[in-house]
Amino acid sequence: MNVIEKLKYIKIIILLITLLLVNRTYSQDWAKSLINNRQRVDMRSLGYPEINEIPANSSAITSLITAKSGIIYGGTSGEEAYLFLFDPSTNKVRHLGSFNGHTGIHHSLVEDKNGNIYIGTGKNILEDIPLSKWGEKDEKIDITLWKDIKKAYANYKGGHLYCYNPSKSNDHVKLNGMECEAEDLGMPLANNSIYALTINPAGNEIYGLTYPDGHFFIFNIHTKKITDLGEVDSKKVYHGPERTWRTLPRALICDDSGKVYMSGNKGMLKYYDQVLGKLIDTKIELPGDYNYLQFYEDYTSVEYFTKTSDNIIYGGTTDGYLFSFNPNKMQLYNLGKVRASRRIRCLTAGKDGKIYLIAGERSASWPCQLYVYDPKHSNFETLGLVIADRSPYYYRRGQQFDSMTTGLDGTIYLGESERMSHLFLYIPEIEMRK
């Protein structure tokens, strides 16, 4: 190869590098976050790459809680379900093992009064179920859809409730393929996932919901007995969150008195009364986009709950509405929508008195964005896309999130729910935290 030919190749290489750099800059520049100080957003991989990182296709974070110790615990969904922790004192994520035979941990992590972590397992909710073609000789399409859902769960034995003891197992290093050191407490309902969990203020009774049959159950930590109270909603509609999923509440929450709140039939608020020992229907309607037609019925459900220190409950619905609920007065307030598209995916109460929430759909055209609601001024602030920019070392734009929690120091933790997911961190402005 002569000198002239070498120069031609060098020019081509320089041109290709230039184009790549321009394209990279452009691809990052169009997706701008509205967070002023980018150093307040960062992310963590779920373990050490190529050693014990939670593998791709099993890393979608679908559960997060903050333990009394300050450690963040998370659960994943995918080909296998994993439990992991993030310890702020070491600034690292470690996975604590997988749950063989289970592909999801969805909104199902709680901590008891002794610091034990309880995990509810199930199928991966992010996975599409096989749908029948139209013409199954059913009178209505929703009948066929229900058959498809039941068929998808027919070969699944059922989600289990597990107990993990951090004091015994947190120091044990887990490699991929190793199981979580958790005690199996049993299966609430056959052929059903555990869809959501919460725990009472005393820390001795756990409440859960199953999918697809929508049964409410109670687990007594002392007796280790599971009690099934039956369906929370007798109707079967398909308003969302995903259009092929049965509309059921995706979250439960206890108020300070021990009542457990959820959504129920016709989008009405429902609660479990621990004194009466039964589920109570209310006439309080959750905010949603309702179609009041005689021949058609659907309604919204709650996707996520959080509670402030003064016992005010905030919730987000599948239609994208934020609401607050005062359980002492039994009053619900519709706070509106932050965007035209559906779904509030997750939310958490900040240490600054504000509510941080993620809204958006599971699609490339309506990705998730971060918002803040300020109860003092009754207004929303848009923070935009969640972007961890540490260029040139790493750059990640989060588009799908399904869980949030607030750390003891006020840091907001967001669980990405993609094929290869990360734990994102957002530190609110110092002036906001005073």
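The values are calculated or read from the model by the stated rules, or taken from the named source; none is laboratory data. Everything numeric in this text was worked out from a predicted model, so none of it was measured. Methodologically, a virtual Cβ is constructed for each residue, glycine included, from the backbone with ideal geometry; neighbour enumeration extends over all protein chains shown. Keep in mind that these areas ignore ligands, DNA and RNA; they rest on the heavy atoms of the full protein, side chains included. Shrake-Rupley method; radii C 1.70, N 1.55, O 1.52, S 1.80 Å.
A single member of Thr103, Thr66 is at pLDDT 95 or above and farther than 15 Å from Leu414 by Cα, and it is Thr103. What residue, of Thr223, Thr210, Thr244, Thr227, is surrounded by fewer than 19 Cβ atoms within 10 Å (Cβ to Cβ) and closer than 18 Å to Ile129 by Cα? Going through Thr223, Thr210, Thr244, Thr227 in turn, the sole match is Thr244. Applying the criterion of being modelled with pLDDT of 95 or more, in a loop (DSSP other than H, G, I, E, B) and not aliphatic (A, V, I, L, M) to the residues of segment 171-187, the residue that is surrounded by the most Cβ atoms within 10 Å (Cβ to Cβ) is Cys180. Filter segment 355-376 down to the residues that are of a type in the set (Val, Ile, Thr) and more than 13 Å from the chain's Cα centre (by Cα), then identify the one that is nearest to Ala388 (Cα to Cα). Applying the filter and picking the extreme gives Val372.
Matching residues to (1) surrounded by fewer than 16 Cβ atoms within 10 Å (Cβ to Cβ); (2) assigned to a strand (DSSP E or B); (3) modelled with pLDDT of 95 or more:
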{"residue": "Ile119", "(1), (2), (3)": "no, yes, yes"}
{"residue": "Ile125", "(1), (2), (3)": "no, no, no"}
{"residue": "Leu131", "(1), (2), (3)": "yes, no, no"}
{"residue": "Glu136", "(1), (2), (3)": "yes, no, no"}
{"residue": "Asp142", "(1), (2), (3)": "yes, no, no"}
{"residue": "Tyr153", "(1), (2), (3)": "no, no, yes"}
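Does segment 265-274 contain any residue that is part of a strand (DSSP E or B), touching a helix residue (DSSP H, G or I) at 6+ places or on another chain (Cβ under 7 Å) and surrounded by 14 or more Cβ atoms within 10 Å (Cβ to Cβ)?
Within segment 265-274, the subset part of a strand (DSSP E or B) is 268-273.
Narrowing the set further to residues that are touching a helix residue (DSSP H, G or I) at 6+ places or on another chain (Cβ under 7 Å) leaves none.
Looking through segment 265-274, none of the residues is part of a strand (DSSP E or B), touching a helix residue (DSSP H, G or I) at 6+ places or on another chain (Cβ under 7 Å) and surrounded by 14 or more Cβ atoms within 10 Å (Cβ to Cβ).
Evaluate segment 294-310: report whether one residue or more is open to solvent by less than 10 Å² (accessible area, probe 1.4 Å), over 18 Å from the mean Cα position of the chain (by Cα), among the hydrophobic types (A, V, I, L, M, F, W, C) and more than 23 Å from Arg250 (Cβ to Cβ). No, that holds for no residue. Scan segment 81-94 and give yes if some residue there is under 30 Å from Tyr238 (Cβ atoms) and either in contact with an Asp or Glu (Cβ under 9 Å, 6 or more places away or on another chain) or open to solvent by 70 Å² or more (accessible area, probe 1.4 Å) (or both), otherwise no. Scanning segment 81-94 turns up no residue that is under 30 Å from Tyr238 (Cβ atoms) and either in contact with an Asp or Glu (Cβ under 9 Å, 6 or more places away or on another chain) or open to solvent by 70 Å² or more (accessible area, probe 1.4 Å) (or both).
Mind checking whether some residue in segment 350-367 is farther than 30 Å from Asn91 by Cα and in contact (Cβ under 8 Å) with a residue 60 or more places away in the chain?
Here is the first cut: in segment 350-367, the ones farther than 30 Å from Asn91 by Cα are 361, 363-366.
If we keep only those that are in contact (Cβ under 8 Å) with a residue 60 or more places away in the chain as well, we get none.
Among the residues of segment 350-367, not one is farther than 30 Å from Asn91 by Cα and in contact (Cβ under 8 Å) with a residue 60 or more places away in the chain, which makes the answer no.
Scanning segment 374-417 for residues that are under 17 Å from Ser59 (Cβ atoms), surrounded by fewer than 23 Cβ atoms within 10 Å (Cβ to Cβ) and in contact with a strand residue (DSSP E or B) (Cβ under 6 Å, 6 or more places away or on another chain) returns Ala388, Arg396, Arg397.
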